[in-house]
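Remarks on the structure that follows.
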Amino acid sequence: MWTLTENTFDPASQHHKETIFTIGNGYLSTRGALEEGYPGESRATFVHGVFDAAPIVVTELANAPDWLGLQIVLNGEKFSLAQGQILEYHRQLDLLTGLLTRRVRWQSPTGQTAVIQFERFASLEDEHLLCLRCQITPEFEGEIELRATLNGHVDNQGLRHWNLTRQGRKNGQTAWLEALTRQSGITLALAMRLLSSARSAFDYWDAEGQPTLRQVVHARPGETVTLTKFVGIATSRDSDHPLALALEHAARPQSWDSVLEAQRQAWAREWQRCEVSIEGDEEAELAVRFSLFQLLIAAPRHDSRVNIGAKTLSGFGYRGHAFWDTEIFMLPVFTYTAPHIARNLLDYRYLTLPAARQKASDAGYEGAWFAWESADTGEEVTPTWVPDFQDKKKLARVWTGDLAIHISADVAYGAWQYWRATGEDDWYIRCGAELMLETAKFFASRAEWQEERNGYGYRDVIGPDEYHDHVNNNAYTNILAQWNIETALETLAWLEQTAPQRAAELKDSLNLTPERLARWRDIAARMILNQRPDGLIEQFDGYFNLTDVNLADYEPRTRSMHEIFGIEAANHYQVLKQPDVLMALYLLPERFTPEQVRVNYDYYTPRTDHTYGSSLGPSMQAIVACQMGDVEAAYEHFIRAARADLRDVRGNAGDGIHAASAGGIWQAVVFGFGGLRIHSDGRWETHSRLPRHWKRLAFCFTLRGQQHTVTQDNLLHHDSILHRGTR
Ligand code: IFM
């Protein structure tokens, strides 16, 4: 199944639908708002890297001037779904081509009827090109008026980011608009070129901030009028002359058919690298393809100065800021299916190393402490205070920017996984090794000797489970920090063998003296791990003494346990926002035995807020459940993740795509149900555990430049199937 469809228009779900019908091309995304507009819409286009200052959230992606606008007036009556009658309605997003189509048969309040079809896509082949086509087939005789606009009067939920600097008309059918962000000083230019099946000329309306080309056509019943709008877009991040670039790209297309054909081919190349099919479960298949589509349209292909935000480019949520969601949830998808994209994302971290060093040094540490929320410069942009969800008139302190140190190890992990998967030694020598060493240096300097525990650890942190803040010795943090330091030491030894000059350079610039390295070894060897003899790991010091809760007592519920208990009180209960210990066990399988995983899985699973905790949790929980052979439970968690956006089960899909969950969905299918395991020496094997109703799973992945396709039949519907492979 490759299409997402909607057969009735429901204004109450318009924000959710705007999110899931988002189109994009890795340079920008446009939400699925209607061309003609609708009251209360959350219309937005976000362009990678176009940030501007904003109160509280520090900086945010500025909603770009709108390229979509098309007003249709039928015999003097404006087409709008807010009035008249919708006689037929169908919208679909074709994931195979990125083409969004909407077909409406509409009757105006005075009874003029027409079939109106819109199609749009963001060209994957030419990232500066946006394409829109409208076909109107009237059932009346009279006049059709078309008004195509570029609109600079846009805002971010009330906050305006643009000064509208210039606008104009180039020739009979081209108009343009230029705008400048108010604080960051980024120029953005849009140029639209219209093609019409009708002969009448276009008038130009020089409306302030909204250049408009207008055409009036004599309509006859059954005769289709077609208007095509090609829009070029560029910013001063791309060129010193963004307007010239935008005009050039708008002028390029020969015809709708030719750009659509190029689009089909470009998307065929994308899918060829990452296609997944699941026979026997259309919902799961659509969910994993939809997740891949959403990640691919957010993935920067030609720019390593940007990251993917927690809501991709599809909504206002988290303001375009990137989190650990990138390295731990999304990056593996790219590392194993589109390494060139993974590399751009890692290069972004490499480019933002100076900001990470600064963050560490401002806090009194060495090395690189990456921002918990990162935007254009890599400086910390986590808001310090946000409105409290229990009482919006009060403020709640956000501690993650101050205490979530695990982000540095997550970045290092992403770099290391990329290197192991691609075998790109050159990149690791040039960039990856420095990321590894600088993050290790941070963890070594942040580690505290804890006399009473006879070991090193981290006090006053937040782990992945954010229901508990200011904790000591969070297991995930300690385990990943230990891994980071050990892997940095191995990296250095490897560099000394492979690239002695670079090793010497890094030792010198990072001051990696023998004494310092000896201390790293000591810290790694004596890192505190709160582990009982049976293998159960305490999530942080004192966790086992907290009040246990039977989550079933709170069912049915529609709120997170954080909301139910309150931010402060949640600290006193054992309920987790998302798997914390289990995440560490998943990421570092070679360090833990299956028995250890089992004991921790059994303990933490009933204590996790799977339904309304973090959207990051369910897919990870599904993978560990698969490893435990608990396939039914795994499917339940997986399908919960699959429905986060498609069915809006959390009620917040209107804020944008849950990007980490999208990455997690792919990981759950490939590493969970498909059981793909990749060893650090490049060998791989699969040990599938397909849900009973899946007849066949097929997926592909790339390892060290070679693409592999795995097909797993579930003929017996219960036996597991073992595949092995080597590179
Ligand atoms: O990074 C996550 C975090 O783990 C939980 N809250 C939301 C963030 C962004 O998705």
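Read-outs throughout are calculated quantities, based only on the coordinates presented, and are distinct from any laboratory measurement. Computed from a predicted structure; not experimentally measured. Here Cβ is always computed from backbone atoms with ideal geometry, including for glycine, and neighbour counts include all displayed protein chains.
Data overview
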| read-out | value |
| --- | --- |
| Which of R31, R252 has the fewest Cβ neighbours within 10 Å, and the rest in rising order | R252, R31 |
| Shape call, region 560-623: gyration tensor on alpha carbons, a/c limit 1.5 | prolate |
| Environment charge at K507 (Cβ cut-off 14 Å; Lys +1, Arg +1, Asp -1, Glu -1) | -3 |
| Added length on full extension, which subtracts the Cα-Cα distance from 0.36 nm per residue, T224 to T547 | 109.5 nm |
| Extended-chain gain in nm, criterion 0.36 nm per residue less alpha-carbon gap, R692 and L159 | 186.8 nm |
| Fewest-first sequence of V581, V154 by Cβ atoms within 10 Å of each Cβ | V154, V581 |
| Relative packing of 213-219, 428-434, which averages over residues the other C-beta atoms within 10 Å, highest first | 428-434, 213-219 |
| Shape category assigned to region 1-59 from the gyration tensor of Cα positions, a/c cut at 1.5 | oblate |
| Cα centroid separation - region 527-590 against region 192-247, whole Å | 56 Å |
| log10 of Debye I(q)/I(0), alpha-carbon scatterers only, for the chain at 0.12 Å⁻¹ | -1.37 |
| Point-to-point label distance, A251-K392, nm (Cα→Cβ direction, 7 Å offset) | 4.8 nm |
| Computed lengthening from D206 to R591, 0.36 nm per intervening residue step minus Cα-Cα distance | 132.0 nm |
| Total charge dipole magnitude, the chain, about the Cα centre, Cβ charges on Lys, Arg, Asp, Glu only, Debye to nearest 20 | 1080 debye |
| H708-R502 FRET efficiency (beta carbon distance; Förster radius 45 Å; 0.05 resolution) | 0.90 |
| Virtual spin-label span in nm between R103 and R301, 7 Å along Cα→Cβ | 2.9 nm |
| On Cα atoms only, tilt of 594-604 relative to the major axis of the chain in degrees | 70 degrees |
| Given K78/K311; K311/K441; K17/K392; K359/K392; K392/K577; K441/K507, the pairs whose alpha carbons are separated by over 23 Å | K78/K311; K311/K441; K17/K392; K359/K392 |
| Separation of the L351 and A53 label points, Cα + 7 Å toward Cβ, nm | 2.2 nm |
| Whether region 340-478 is rounded, prolate or oblate, judged on the alpha carbon gyration tensor where a/c under 1.5 counts as rounded | oblate |
| Order of H321, H90 under a 10 Å beta carbon neighbour criterion, fewest first | H90, H321 |
| Euclidean distance between Cα centres, region 620-664 to region 370-390, Å | 25 Å |
| Summed side-chain charge close to A412 - residues other than A412 whose Cβ falls under 13 Å, Lys, Arg +1, Asp, Glu -1 | -3 |
